[in-house]
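Working notes for the structure below.
The values are calculated or read from the model by the stated rules, or taken from the named source; none is laboratory data. Just so it is clear, the structure is predicted and the values come from calculations on it, not from any experiment. Positions of Cβ are generated from backbone atoms using ideal geometry, with glycine treated the same way; all protein chains shown enter the neighbour counts. Just so you know, the surface numbers come from the protein's heavy atoms only, side chains and all, with ligands and any DNA or RNA stripped out. Shrake-Rupley method; radii C 1.70, N 1.55, O 1.52, S 1.80 Å.
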Amino acid sequence: MERVRKLTKPISSSTHETLFFILLLFIIACKSETEQQLEFALQAAEENRTELEKVLKHYANDSLKLKAAKFLICNMPGHVSYVGQEIECYYQEAKPILLSDSLPATKVRMLEELYRKYPPGIIKKEQDVKIITADYLIHNIDRAFDDWQHGVYAQQISFEEFCEYMLPYKCIDYQALDNWRDTLRPIAEGAYEDFVYNRVYRHSAYWAAGAINDSLDRLHRGHLGDAMRSHSLFRVPFWTKIPSGECDIYSLVTVSILRSKGIPAVNDFILQWATKTNNHSWVTLLTDTQRPGYLEGCEGKVLGFMRPGECKGKVYRRTYAPDKGLIRLNTEAVHVPPTLRTIFMKDVTAEYVRPVNVTVKPLPELRQNHEKYAYLAVYGNYNWVPVCYARTEDEQVCFKDMERGAVYLPTYYTEKGLQPANYPFLLTQQEKIKYLKPDKQHTRSMTLHRKFPLTTKAFNTGRCIKGSLIQAANHADFSDAVTLHRFDKFTVAGYVDTNDSIGYRYWRYFCPNPCYCYLAELAFFDNQGNKMTGSIIGTGQRQKEDVRYSREAAFDDDPFTYYISNLQSGGWIGMDFGKPVRINKVGYLARGDDNNIRVGDEYELYYWDVNGWVSLGKQRATIMSLTFNNVPDNALLILRDHTRGKEERIFLYEDNEQIWY
């Protein structure tokens with residue numbers, strides 16, 4: 001079957017040209033019926049019009065399939081694919097890399113080199129409406145309808161849901177126009193083929209999707225590192241061979257495989273987490289229940305909720321039909337933030353949270369009267385990221401469907417990039433707006449212990465410290481042990497005073513909890529603050545061959561190495577000082593993420609003023625905390641480590657505690 005009509009001369013199209021005729025399409029759609037919108041799309045097809053008309057003629061006697069064909073054609077302008085010899089050469093050279101047995105990291109490195117050989121500037125692109133064939137479109141429509149009407153997983157969904165969850169001939173732009181449905185369908189069949197013999201599982205998209213996705217975890221292994229630069233690899237036979245470990249790759253692979261099997265699925269995502277670094281992407285599927293199900297792409301079973309407790313700010317869904325609001329934004333605004341330059345997504349925040357509408361008035365001194373749009377941004381790891389937009393009306397802006405519990409910055413976007421429109425504000429759980437305008441007339445001192453909130457893994461290992469003991473003895477077997485401190489509260493790092501006035505030869509950290517005595521650092525100090533050294537003692541180590549988890553790892557000043565005992569409960573680590581010594585203070589650090597204050601590193605504290613970050617000075621850490629003076633009240637703060645690391649997060653300081661956002 002011919003998939004793409006050959007072009008005698010590839011025609012490239014710019015983003016502005018694309019948006020221009022999509023805007024015209026939108027205007028026509030507002031004034032008239034689908035037929036006029038369809039005519040506009042057919043005109044946009046130029047020489048390829050006859051191919052699209054073949055599709056319409058083919059379904060002339062099937063009203064529902066004809067309606068589906070019109071949906072695809074009407075919304076096709078703006079969707080693009082690669083064309084030309086250059087991309088074919090790129091794929092020919094990528095094939096042996098992707099299909100090899102090399103490690104994912106090796107494949108990523110080789111694909112990066114290939115990307116530099118074939119940079120984006122030489123790769124030609126074309127509108128699908130100008131190159132797609134009738135045979136290809138008919139085949140995809142018939143397959144999608146067969147899965148919907150005669151399959152077992154989607155008969156409960158509406159036609160409108162079918163059009164977005166199953167019908168599209170591609171799942172993302174630049175996906176190849178090939179036989180992806182037929183090729184992907186057999187993948188992971190063994191994971192659910194026996195479900196036909198179980199009355200509960202046999203017709204359930206919930207159970208089938210979970211089994212398929214769980215098996216993809218073993219089939220599709222990526223390189224968990226930085227983003228991989230490549231041209232789109234969503235092409236037969238590369239789908240399960242893409243070495244990138246990015247969640248959007250995993251999610252799109254899962255969506256495509258599920259759709260190929262007749263399971264209705266879409267890709268939802270956030271442009272930037274509202275209260276932590278990075279973005280995120282996942283799969284949403286329509287199940288046989290009234291609730292949607294969620295999947296982390298290529299990983300695990302169906303989830304009832306997507307990351308509960310984690311503030312998302314704004315959630316979008318990848319769509320085939322363009323969003324009218326984004327069309328207006330991209331045609332009316334002179335400058336648009338990169339995160340909002342795609343028109344094939346829609347806001348679905350209200351499906352995930354109980355949102356509120358927020359009205360913001362730009363400050364007079366910051367108002368950009370010539371800008372028709374303003375934005376709300378959340379903080380990434382290094383800068384503010386716009387996640388939503390709204391038209392400016394009567395010197396104020398109303399942003400719809402915002403999640404509570406996050407800090408947002410009202411901004412404009414000009415040729416200079418983001419320009420603040422007001423101070424950042426906290427949208428409280430009580431739907432109140434609390435502007436974070438620093439009060440420079442009222443300042444205070446604050447003691448800081450971290451530059452980034454606890455990760456889940458660091459939190460869980462920190463919980464192991466609670467209930468643990470600092471003990472001392474003069475017998476090597478600790479038969480005469482004296483407990484000098486008990487950790488009664490949650491903690492991950494710090495110092496404890498022992499109040500020892502006697503002196504003991506053997507000192508240890510003892511963990512009765514069932515967690516293998518994870519501990520990254522342990523240090524003993526005399527009453528002069530000098531670190532004491534001796535012979536390292538303790539229970540055996542669980543991984544004898546790896547020095548990163550040895551007893552010595554607890555005393556190497558490296559937070560990324562840590563001791564793991566061979567005992568699940570009752571493990572301990574300590575020192576034999578050779579003679580009784582008086583220890584005044586014990587320092588400790590749980591296994592974590594190296595975001596605690598690190599002795600020797602240089603830090604700088606900033607607060608956000610009306611136009612950006614203002615320094616409150618630098619300090620080099622001598623202990624596992626920092627104290628800064630003269631910090632304005634009600635200020636949004638960030639602590640930067642100039643020595644090492646990447647993770648840094650904004651926070652407020654309330655009741656002597658860092659509150660992270």
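Where a Cα-Cα gap under 15 Å defines reach, which aspartates and glutamates qualify for Lys65, not counting those fewer than 8 residues away within the same chain?
Partners within reach: Glu53, Asp135, Asp142, Asp146, Asp147, Glu160, Glu161, Glu164.
Once label points are set 7 Å from the Cα along Cα→Cβ at both Met532 and Glu46, what is their separation, rounded to one decimal in nm?
8.3 nm
Give the accessible area for Leu219 in Å² (nearest 10); use a 1.4 Å probe, count only protein heavy atoms, and leave out ligands, DNA and RNA.
90 Å²
When the helices in the chain are scored as -39500 (n - 2.57) per DSSP H run of 4 or longer and the sum is shared across all residues, what 222 nm value do you end up with, to the nearest 500 deg cm²/dmol? List each step's numbers first, then the result.
Values: 14 runs with 157 residues, N = 661.
Computed mean residue ellipticity for the chain: -7000 deg cm²/dmol.
Would you mind classifying segment 147-237 by shape? Square roots of the alpha carbon gyration tensor eigenvalues, ordered a ≥ b ≥ c; an a/c under 1.5 is rounded, otherwise it is prolate if a/b is larger than b/c and oblate if not. Can you show the working numbers first?
Details: a/c = 2.22, a/b = 1.35, b/c = 1.65.
Note, shape of segment 147-237 comes out oblate.
Out of segment 284-344, which GluC sites (Glu not before Pro) are coil in DSSP terms and have no more than 15 other C-beta atoms within 10 Å? If you can, show how the numbers build up before the last one.
Working: sites: Glu296, Glu299, Glu310, Glu332; in loops: Glu310.
For GluC sites (Glu not before Pro) across segment 284-344 that sit outside H, G, I, E and B with at most 15 neighbouring Cβ atoms in 10 Å, the list reads Glu310.
Show me, for segment 403-416, the HN-Hα J-couplings you get by feeding each phi into the Karplus relation (A = 6.51, B = -1.76, C = 1.60, θ = phi - 60°), rounded to Hz, glycine and proline as x.
Karplus-based 3J(HN,Hα) across segment 403-416 equals 7, 6, x, 10, 9, 10, 10, x, 9, 10, 9, 10, 4, 8 Hz.
Sorted by accessible area (1.4 Å probe), largest first, how do Leu99, Leu111, Leu363 line up? Kindly include the intermediate steps, with their values, before the conclusion.
Numbers: Leu99 75, Leu111 0, Leu363 35 Å².
The most accessible residue leads, giving Leu99, Leu363, Leu111.
For the chain, calculate the relative contact order in percent as a whole number, restricting contacts to Cα pairs under 8 Å that are 6 or more residues apart. Each step should come with its number before you reach the end.
Numbers: 1393 pairs, mean separation 61.3, N = 661.
Here the relative contact order equals 9 percent.
Leaving out ligands and nucleic acids, and using a 1.4 Å probe, what accessible area per residue does segment 194-283 come to in Å²?
Averaged over the residues of segment 194-283, the accessible area is 37 Å².
Once the Cβ-Cβ distance between Asn460 and Ser102 is put in as r, and R0 is 25 Å, what FRET efficiency do you end up with, to the nearest 0.05? All intermediate terms of the calculation are to be shown ahead of the outcome.
Values: r = 34 Å, r/R0 = 1.36.
Efficiency at R0 = 25 Å is approximately 0.15.
Where does each of Asp497, Asp101, Asp347, Asp178 land when they are ordered by accessible area, with a 1.4 Å probe and the largest first? Show your work: numbers first, answer last.
On the way: Asp497 100, Asp101 155, Asp347 65, Asp178 25 Å².
So, going from the largest accessible area down, we get Asp101, Asp497, Asp347, Asp178.
Quick one: if the Förster radius is 56 Å, what FRET efficiency do Asp394 and Asn629 give, using the C-beta to C-beta distance and rounding to 0.05? Write out the running numbers ahead of the final one.
Working: r = 43 Å, r/R0 = 0.77.
Here the calculated transfer efficiency is 0.80.
What's the extension gain from Glu602 to Gln290 if we count 0.36 nm per residue and subtract their Cα-Cα distance?
Numbers: separation 312, 0.36 × 312 = 112.32 nm, distance 5.35 nm.
Extending this stretch completely gives an extra 107.0 nm.
Under a cut-off of 17 Å between alpha-carbon atoms, report the lysines in cross-link reach of Lys170, not counting same-chain residues fewer than 8 places apart.
Straight-distance partners of Lys170: Lys70, Lys125, Lys130, Lys261.
Take the alpha-carbon centre of segment 132-160, take the same for segment 474-542, and report the distance between them in whole Å.
Between the Cα centre of segment 132-160 and that of segment 474-542, the gap is 66 Å.
How about segment 422-529: which chymotrypsin sites (Phe, Trp or Tyr not before Pro) there are in a DSSP loop, with at most 12 other Cβ atoms within 10 Å of their Cβ? Mind showing how you got there, number by number?
Numbers: sites: Phe425, Tyr435, Phe459, Phe478, Phe487, Phe490, Tyr495, Tyr504, Tyr506, Trp507, Tyr509, Phe510, Tyr516, Tyr518, Phe524, Phe525; in loops: Phe478, Phe487, Phe490, Tyr516, Tyr518.
When the chymotrypsin sites (Phe, Trp or Tyr not before Pro) of segment 422-529 are filtered for loop state and at most 12 Cβ neighbours within 10 Å, Phe490 remain.
Compute the Cα gyration tensor for segment 108-203, then decide on rounded, prolate or oblate, letting a ≥ b ≥ c be the square roots of its eigenvalues: rounded whenever a/c is under 1.5, prolate when a/b is larger than b/c in the other cases, and oblate in all that remain. Write down the numbers at each step before the final one.
Values: a/c = 3.05, a/b = 1.63, b/c = 1.87.
It comes out oblate by the Cα gyration axes.
Shape call for segment 400-444 from the C-alpha gyration tensor, a ≥ b ≥ c root eigenvalues: rounded (a/c under 1.5), prolate (a/b greater than b/c) or oblate? It would help to have the intermediate numbers written out before the result.
Values: a/c = 3.38, a/b = 1.11, b/c = 3.05.
Taking the square roots of the gyration eigenvalues as a ≥ b ≥ c, segment 400-444 is oblate.
Per residue of segment 638-652, in order, report the coupling 6.51 cos²θ - 1.76 cosθ + 1.60 (Karplus, θ = phi - 60°) as ³J(HN,Hα) in whole Hz, putting x for Gly and Pro.
Couplings: 8, 10, 10, 9, 7, 8, 7, x, 10, 7, 9, 9, 5, 7, 10 Hz.
Using modelled backbone amide H atoms (1.01 Å from N, in-plane), which distant-in-sequence or interchain residues come within less than 5 Å of Asn513's amide H?
Counting only residues 5 or more places away or on other chains, the set is Gly570.
Which of the trypsin sites (Lys or Arg not before Pro) found in segment 462-509 are loop residues per DSSP with 10 or fewer other Cβ atoms within 10 Å of their Cβ? Intermediate values should be presented prior to the final figure.
Values: sites: Arg463, Lys466, Arg486, Lys489, Arg505, Arg508; in loops: Lys466, Lys489.
Qualifying residues, ordered by number: Lys489.
Ranking request for peptides 115-121, 560-566, 539-545: highest mean number of other beta-carbon atoms within 10 Å first, then the rest in descending order.
Values: 115-121: 11.3, 560-566: 20.6, 539-545: 14.1.
Result, highest mean Cβ count within 10 Å first: 560-566, 539-545, 115-121.
Do you know the relative contact order of segment 527-582, to the nearest whole percent, from alpha carbon pairs under 8 angstrom that are 6+ apart? Walk me through the intermediate numbers first.
Details: 79 pairs, mean separation 23.3, N = 56.
So the answer I get is 42 percent.
Check the straight Cα-Cα distances from Lys618 and name the aspartates and glutamates below 17 Å, setting aside those fewer than 8 residues away within the same chain.
By straight Cα distance, Lys618 reaches Asp601, Glu602, Glu604, Asp641, Glu648.
Could you give each residue of segment 85-94 its phi-based ³J(HN,Hα) in whole Hz, using Karplus coefficients 6.51, -1.76, 1.60 with θ = phi - 60°, and x for Gly or Pro?
So the J values, rounded to whole Hz, are 5, 4, 5, 5, 5, 4, 5, 4, 7, 6.
Considering only protein heavy atoms, with the full assembly of protein chains and a 1.4 angstrom probe, order Arg354, Arg235 by accessible area, largest first.
Working: Arg354 195, Arg235 50 Å².
The residues order as Arg354, Arg235, largest area first.
Quick one: which residues, 5 or more positions from Met345 or on another chain, have an amide H under 5 Å from its amide H? H modelled 1.01 Å from N in the peptide plane, none for Pro or chain starts.
Sorted by chain and number, the residues that satisfy this are Thr319, Asp323.
Amide H to amide H, which residues 5 or more places from Cys388 or on other chains are under 5 Å from it, using H placed in the peptide plane?
Leu376
Any idea how many Lys pairs in segment 323-423 come in under 24 angstrom at the alpha carbon, given 8 or more places apart or on separate chains?
Qualifying lysine pairs in segment 323-423: 10.
Counting only the heavy atoms of the protein chains, how much of His280 is accessible to a 1.4 Å probe, in Å² to the nearest 10?
20 Å²
On the full set of protein chains, 1.4 Å probe, figure out the accessible area of Val283 and give it in Å² to the nearest 10.
Looks like 0 Å² after rounding.
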